[in-house]
């Protein structure tokens with residue numbers, strides 16, 4: 001029987017994560033609290049959706065009557081979208097794109113960073129002067145190597161690759177303060193110290209027997225991890241570098 005705490009978390013998850021973990025968002029004039037593997041998100045009064053080749057924007061100021069505003073062609077093999085302040089970070093199989101929301105109805109590309117590793121699935125997250133992407137080059141994602149890549153985005157129009165850290169097979173990732181959480185499927189969640197933002201230092205690894213980890217959302221002091229059979233929740237309030245288990249919610 002589920003506890004009251006678990007029921008409250010399920011309500012939260014309903015608003016944050018759909019059954020395929022494609023997106024999560026907070027309403028009003030805030031930026032969407034998306035997972036890194038999202039294909040749609042919100043920023044302010046707008047909803048943004050990516051398909052394989054394009055970005056679509058919708059005005060949702062009247063949430064009972066969304067209004068289609070624009071479609072922007074991006075490229076091919078577009079996979080993920082992540083909002084940060086007045087920017088959208090969009091991942092494809094070969095590039096990271098950055099779009100300005102100066103005109104939220106019609107996003108405009110301001111940068112494109114091509115990966116040296118081709119055909120790799122690539123969730124992206126960003127904060128201030130840094131963007132992190134995971135490249136998973138196996139299975140349906142093509143050949144090459146798998147890695148965590150770090151970009152300097154101080155000049156937002158000209159991202160610079162700073163660091164490449166080989167990994168076994170990364171999926172989604174998330175940021176909280178000076179901690180970066182990277183999912184590696186059956187390898188668990190690797191926690192990196194990013195006090196030095198361009199040089200992540202590996203720390204603890206969170207695992208659970210028979211479990212694969214696919215994406216994470218740091219939400220306040222809770223780390224919400226999507227796993228193969230539901231969600232695992234971790235407490236970040238004491239030390240975000242060392243999350244502690246709270247509970248598990250199975251589908």
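The table below gives the values:
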| read-out | value |
| --- | --- |
| Qualifying strands (runs of 3 or more DSSP E) (wholly inside the range 14-84; at least 2 residues being more than 18 Å from the chain's Cα centre (by Cα) and at pLDDT 85 or above) | 54-59, 67-73 |
| Qualifying residue in the range 86-95 (condition: out of contact with any helix residue (DSSP H, G or I) (no Cβ under 8 Å at 6 or more places or on another chain), in a strand (DSSP E or B) and touching a residue at least 60 places away in the same chain (Cβ under 8 Å)) | yes |
| The range 195-217: number of residues that are farther than 16 Å from residue 147 by Cβ and crowded, with 21+ Cβ neighbours inside 10 Å | 5 |
| Answer from 138, 129 - the residue that is more than 26 Å from residue 47 (Cβ to Cβ), out of contact with any helix residue (DSSP H, G or I) (no Cβ under 7 Å at 6 or more places or on another chain) and modelled with pLDDT of 95 or more | 129 |
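The values are calculated or read from the model by the stated rules, or taken from the named source; none is laboratory data. Everything quoted here is computed from the prediction, not taken from an experiment. Backbone-built Cβ (ideal geometry, glycine too); neighbour counts: all protein chains shown.
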